[in-house]
1. Against the conditions (1) free of Cβ contacts under 8 Å to residues at least 40 places away in the same chain; (2) within 28 Å of Ala39 (Cα to Cα); (3) of a type in the set (Ser, Thr, Tyr), where does Ser80 fall short? Just the number, please.
2. Where residues in the stretch 80-104 are modelled with pLDDT of 90 or more and among the aliphatic types (A, V, I, L, M), which of them is farthest from Ile141 (Cα to Cα)?
3. Return the pair list, or none, for Cβ contacts closer than 6 Å from residues in the stretch 157-180 that are assigned to a helix (DSSP H, G or I) to residues that are open to solvent by 80 Å² or more (accessible area, probe 1.4 Å), at least 6 apart or on different chains.
4. Pull out all pairs, ordered by first then second residue, where Cβ-Cβ is under 8 Å, the residues are six or more apart or on different chains, the first lies in the stretch 121-135 and is under 19 Å from Glu73 (Cα atoms), and the second is assigned to a helix (DSSP H, G or I) and open to solvent by 80 Å² or more (accessible area, probe 1.4 Å).
5. Given the options Leu189, Leu180, Leu140, name the one that is at pLDDT 95 or above and either of a type outside the set (Lys, Arg) or in contact with a Phe, Trp or Tyr (Cβ under 8 Å, 6 or more places away or on another chain) (or both).
6. Kindly indicate whether any position in the stretch 136-150 is in a strand (DSSP E or B), over 25 Å from Ala98 (Cα atoms) and in contact (Cβ under 8 Å) with a residue 40 or more places away in the chain.
Amino acid sequence: MGRITRKESHAQTRERLVATAHRLFLSDGYNATSLDKVATTAGFSKGAVYSNFSTKHELGLAVLDVIHRERAESLAVAVSGVDTVEGRIDAFAAWAEANIGDVGWTALEVEFATSTRRVPGVSQQLAGRRRELTAAIAGLIEQQAADLGLSLASPAEDAAVQLLSLGIGLGVQRAFDPDLSVTSLVDLLRSLLESATPAS
């Protein structure tokens, strides 16, 4: 096997740094985790971090991108292969119970957003990611409706905003009160699907 190229080596280093930061940010917290600790734990110098990420905030955004992608993919997998509306609602309920209020994830989202609110450009980047996440959820809703032969009563993006907003609120509350039920979120999804009509 030939030697890897400089570009490949750079990509591998970046991937390892993101994976390490992902683990540390979730376990120890964003503010408590220094770039030195990320570099040392990943087996690199601090310079390796700065050759891939100009700031800690940039690394934090990369970690959030990974988390959002992982959660979106896990939700898509959870509801796939189920042929009935009630079956998909049950699958969503199980996913929500397991994911909404995950302490590490919720704390990271809140801590990152609050600690970077005055950093120029970060709020705009978070807003852009929020729009991307909303679009991804809307796409998933549209796919579910199409699979079930349903026509949504309202735009999928409106439904996505409602689900995301309620999900975030529940997530924050469940992070400190895990006994809080996800029923309100499941009921919202049920009402969205039950208000849909058979596609023509």
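The values are calculated or read from the model by the stated rules, or taken from the named source; none is laboratory data. These figures come from a predicted structure and were not determined experimentally. Positions of Cβ are generated from backbone atoms using ideal geometry, with glycine treated the same way; all protein chains shown enter the neighbour counts. The accessibility values were calculated without ligands, DNA or RNA, using every heavy atom of the protein model including side chains. Shrake-Rupley method; radii C 1.70, N 1.55, O 1.52, S 1.80 Å.
1. (2)
2. Only one residue fits best here, namely Val103.
3. Ala175/Val103
4. Note: pairs meeting the criteria are Thr134/Glu157; Ala135/Glu157.
5. Only one candidate passes the filter, namely Leu180.
6. yes
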